[in-house]
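In what follows, a single structure is set out as structure tokens and then discussed.
All of the numbers you see were taken from the coordinates with simple rules; none came from a lab. These numbers come from a predicted model, not from an experiment. Here the Cβ is made from the backbone with ideal geometry for all residues, glycine too, and neighbour counts use every protein chain on show.
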Amino acid sequence: MVAQPTLVYAMNFKGLILASWALANVAYAQGIYQQQMRRLNGDQHVSAPIQSLAKYQGTPLLTSFFMPDCRWCQRQHKVLTQLQSSCPKLQTIMLGVQGSKQKLRQQLKREKNTFPAYIANKEIVKAVGAQSPVPMMLIFNQQGQLTFKTIGYTRQAKLSALLKQHKICS
């Protein structure tokens with residue numbers, strides 16, 4: 001596996017950059033499409049609750065990590081909902097961590113979530129290298145390459161600028 005530096009943008013509510021570091025295992029992060037995860041929402045008639053993200057390959061993908069009762073995650077969810085109209089080709093999915101399936105579903109319901117949502121498996125959490133990766137986003141381009149990662153709340157203006165800078169949205 002090849003380790004390659006990836007810019008990380010971490011923002012607080014005032015928009016200050018808090019940290020910049022390298023993602024240690026880019027190749028593993030790109031394997032996110034093959035990871036098996038439990039679906040939290042969607043079609044009730046789906047027979048297999050365990051799914052991979054393979055169906056999202058070929059489109060730009062934003063994965064947003066969240067957990068129950070995280071006010072910064074709630075704020076980030078609102079930003080992602082607003083971003084949806086200005087960047088319709090970006091597929092956004094929610095990855096729940098550090099909570100039971102019931103609590104993660106309750107959080108999604110409180111947020112009136114419309115994005116596909118899954119429970120992040122332990123391998124994904126381990127690959128991103130954080131005990132509590134929330135709020136955090138991994139953004140992949142159309143070719144499935146990890147383009148950038150954010151840690152902490154990221155304002156809509158900053159996120160939009162990053163998506164434009166990396167040619168994911170225009």
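Odds and ends about this structure:
- Candidate lysines - alpha carbon under 24 Å from Lys122, same-chain residues fewer than 8 apart omitted: Lys55, Lys101, Lys103, Lys109, Lys149
- Debye-sum result for region 89-170 in log10 I(q)/I(0), which assumes one identical scatterer on each alpha carbon, at q = 0.23 Å⁻¹: -1.31
- Region 30-166: C-alpha gyration tensor shape, a/c 1.5 cut-off, then a/b vs b/c: rounded
- DSSP beta bridges confined to region 31-170 are antiparallel in about 60 percent of cases.
- Net charge of Cβ neighbours under 15 Å - reference Gln84; Lys, Arg +1; Asp, Glu -1: +2
- Each of Lys149, Lys112 has some number of other Cβ atoms within 10 Å of its Cβ, and from fewest to most they run Lys112, Lys149.
- Phi angles across region 66-78 convert, under the Karplus curve 6.51 cos²θ - 1.76 cosθ + 1.60 with θ = phi - 60°, into 3J(HN,Hα) values of 9, 9, x, 6, 9, 5, 6, 5, 4, 5, 5, 4, 4 Hz, Gly and Pro given as x.
- Across region 110-118, rounded Karplus estimates of 3J(HN,Hα) from the backbone phi angles (6.51 cos²θ - 1.76 cosθ + 1.60, θ = phi - 60°) give 4, 7, 6, 4, 10, 7, x, 9, 9 Hz, Gly and Pro being marked x.
- Exposure proxy ranking for Leu90, Leu62, based on other Cβ atoms within 10 angstrom of each Cβ and starting from the fewest, stands as Leu90, Leu62.
- Residue list for region 51-89, given a label point 7 angstrom along the Cα-to-Cβ vector of Glu123 and an amide N cut-off under 12 Å: 52-53
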